[in-house]
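The structure under discussion appears below in the form of structure tokens.
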Amino acid sequence: MKWIYDPWPWYVSGPLMALVMFLLLMVGKRFGMSSNLKTICTICGAGKASNFFKFDWKAQRWNLIVLLGVVIGGYIASTFLSIDTSVAINPDVIIDLQSKGFTSAGKAYIPELLYSNDVFNTSKSMFLLIIGGIFVGFGARYAGGCTSGHAISGLSNLQIPSLIAVIGFFIGGLLMIHIIFPLIF
Amino acid sequence: MRSVIYLVIGVFFGIVLFKSEAASWFRIYEMFQFASFHMYGIIGSAVGLGILILQYIKSKKIKSFYGETIMITPKEKSFTRYMLGGILFGLGWALAGACPGPMFVLLGAGYIPILIVLISSVLGTFLYGILKDKLPH
């Protein structure tokens, strides 16, 4: 059982994600995490500002429960199913990241530069997290889905719109890492 | 009862996201540097198996556990919204290193600053709702 405490290889993780999609279909639901962000807007009263948010959010209650499960899953996996959570990425990438100031590369799960509690006192990192979040939320709704809905569910269903969206995800990601990162880090 | 099933599926998904390291900023960065097969393997094997599952469901007309027909409504045909929305999403995904599922995983794992990303993503969703009619779709 020691394997469970190690990072899970792609050939275990990928099929298990397909299993999640299958289970949701079998209980009559659809795999899609970003719709929850829309539901949260509606619960917060966004229906007053735009008709886009005027819908019966209770019909989406099931997905919020899935989301609550995801939070609990993150807690269980990090607390009980992991000994060392540092991520063993490619050594060349570690060197590259350290030269950009990401000193925790290879030693942590997510970078301290952006995600240590100091970030609340670091205006640059704080600003970057806010921009990142806004783009994720805005882009996911504009594209009509995120990594779960388009990349996994949509591609599995051989939908052309999802293929276009996933190509977009990669164009955006490559622009950020190769063009914008050298300017900001 | 159904709520318990949704919760269990969510817990399982959260564990897989964390243990696969798909919720790690570093893995996303490495993916966009084409420096490891890991993320491509995850997405590729998930989609590969997913295609088989959906083809099976469609050809055998499999019903859900509750006897309902499994209907997958195709997304409306368009190019602009998927491409532009996709690019914006990709920019944010690479910067924050987390998409909507992993954000909640990281919250559970105790990384408090992810709340900034989470709240901002709700704000981003709200901005889309307001600007929707002015955007090309």
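Read-outs throughout are calculated quantities, based only on the coordinates presented, and are distinct from any laboratory measurement. Bear in mind that the values here come from a model prediction, so they are computed numbers and not experimental data. Methodologically, a virtual Cβ is constructed for each residue, glycine included, from the backbone with ideal geometry; neighbour enumeration extends over all protein chains shown.
Structural remarks
- Under the Debye formula (equal points on every Cα, no solvent term), log10 I(q)/I(0) of the protein assembly as shown at q = 0.12, 0.15 Å⁻¹: -0.77, -1.26
- Were the residues from A:TYR11 through A:ILE83 laid out at 0.36 nm apart, the gain over their Cα-Cα distance would be 23.8 nm.
- Amide H contacts for B:ALA109 (H built 1.01 Å from N in the peptide plane; partners 5 or more residues away or on another chain; cut-off under 5 Å): A:TYR75.
- Note on chain A: helix-only mean residue ellipticity at 222 nm, from DSSP H runs of 4+ residues weighted -39500 (n - 2.57) and normalised by residue number, equals -16500 deg cm²/dmol.
- The Rg/Rh ratio for chain B is 1.00, where Rg is the radius of gyration of the alpha carbons and Rh is the Kirkwood radius.
- Cα shape, the range B:38-115, gyration tensor, a/c 1.5 rule: prolate
- Estimated distance in nm for a label pair at A:LYS48 and B:MET71, the labels positioned 7 Å out from Cα along Cα-to-Cβ: 3.5 nm
- Among A:VAL27, A:ILE160, A:THR42 - extreme Cα towards positive end, dipole of the range A:2-184, charges at beta-carbon: A:THR42
- Footprinting exposure proxy for B:HIS137, A:HIS150 (fewest neighbouring C-beta atoms within 10 Å first): B:HIS137, A:HIS150
- Mean residue ellipticity (222 nm) of chain B, computed from DSSP H runs ≥ 4 via -39,500 (n - 2.57), nearest 500: -22000 deg cm²/dmol
- Global form of the range B:1-55, assessed from the alpha-carbon gyration tensor, a/c cut-off 1.5: oblate
- Kirkwood Rh in Å, taken over all unlike Cα pairs in the range A:2-184: 19.1 Å
- Cα-centred dipole magnitude for chain A, charges only on beta-carbon of K, R (+1) and D, E (-1), debye, nearest 20: 780 debye
- All C-alpha to C-alpha distances of the range A:122-185, sorted into 5 Å bins beginning at zero, yield P(r) values of 4, 17, 22, 22, 15, 11, 6, 2, 1 percent in whole numbers.
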